[in-house]
Amino acid sequence: MIKLSPSLLSADFSKLGEEAMAVTESGADYLHIDVMDGHFVPNISYGASVMKSLDKLDTAPYDIHLMIENPDFYIDDFLTPKTEYIVIHQEACRHLHRSIWNIKSKGVKAGVALNPATPVETLEYIFEDLDLVLIMSVNPGFGGQSFIASSVDKIKKLDSIREKNHYNFAIEVDGGVSLNNAKILKEAGCDILVAGSAVFKCSDVKKRIKEFRSILE
Ligand code: DX5
Ligand code: ZN
């Protein structure tokens, strides 16, 4: 079954705990935590302390997307019992293999995100080290942007590389995901869909997650 990871970036921060619990109780598989530093991307979101404020709640596990420079310096801050994936950007890492193994050495799953202009081939020599590849289908930095259509072919290409070589990484897509493109993304080979505004900027979050579920099952 394809998994759904609602992005808290589009939640109402004045009631973050309630929003995190609402999507968890509606069947979200992960909470997607978008961390932005104002350097790697032109926006600042929140950091580990905000994420940790959710630790005392019984939420879905965290799928942490670090859109930051020097991610190696901050990995320890994001380790909690609910951390499932830590995802860093290919474009932010000078020694990507080392950074991946730094994450894995902490006992959590490691992923690499690729910006829209970064080809999948750049991961050729580390595919077997990865637990997840995140295809950005918008330029990172903001919620509510339009899906970049060429991302579908990119996902198909990545899926066929995975199949041909029997790699085990999951494929995640992030940016502009909606009820309109969920089926196409599932068929292209995605395992995890991130959705921010499509989940939180609607009047009935529970109903919306059910709608995603019925497409993804
Ligand atoms: C963008 C973030 C996304 C964002 C997705 O930089 O990485 O996770 O929250 O939001 P939507 O689904 O609204 O494009
Ligand atoms: Zn994200």
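Nothing in this text is a laboratory measurement; each read-out follows from the coordinates by a stated rule. What you see is a predicted model; the values in this text were computed from it and never measured. Note: ideal-geometry Cβ built from the backbone for every residue, glycine included; neighbour counts use all protein chains shown.
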Top-ranked residue of segment 116-137 - restricted to ones that are crowded, with 16+ Cβ neighbours inside 10 Å, over 18 Å from Lys164 (Cα atoms) and among the hydrophobic types (A, V, I, L, M, F, W, C), ranked as nearest to ligand 1 (Cβ to nearest atom): Met136
The one condition in (1) closer than 12 Å to Ile135 by Cα; (2) more than 17 Å from the chain's Cα centre (by Cα) that Glu217 fails to fulfil: (1)
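For segment 104-217, please list each of the strands (runs of 3 or more DSSP E) lying entirely inside it that holds at least 2 residues being among the small types (Gly, Ala, Ser).
Values: elements: 109-114, 132-136, 170-174, 192-195.
Hits in segment 104-217: 109-114.
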All positions within segment 22-41 that are touching a residue at least 24 places away in the same chain (Cβ under 8 Å) and farther than 26 Å from Leu185 by Cβ: Asp37, His39
Complete set of residues in segment 10-48 that are assigned to a loop (DSSP other than H, G, I, E, B), under 30 Å from Ser214 (Cα atoms) and away from ligand 2 (no atom under 12 Å from the Cβ): Ala11, Asp12, Ser26, Gly27, Ala28, Asp29
Yes/no for Thr80 being among the hydroxyl-bearing types (Ser, Thr, Tyr), within 16 Å of ligand 2 (Cβ to nearest atom), surrounded by fewer than 21 Cβ atoms within 10 Å (Cβ to Cβ) and in a loop (DSSP other than H, G, I, E, B): no
Cβ-Cβ under 8 Å pairs, at least 6 apart or on other chains, segment 152-169 side touching a residue at least 24 places away in the same chain (Cβ under 8 Å) and buried (at least 17 other Cβ atoms within 10 Å of the Cβ), far side in a helix (DSSP H, G or I) and of a type in the set (Lys, Arg): Phe169/Arg162
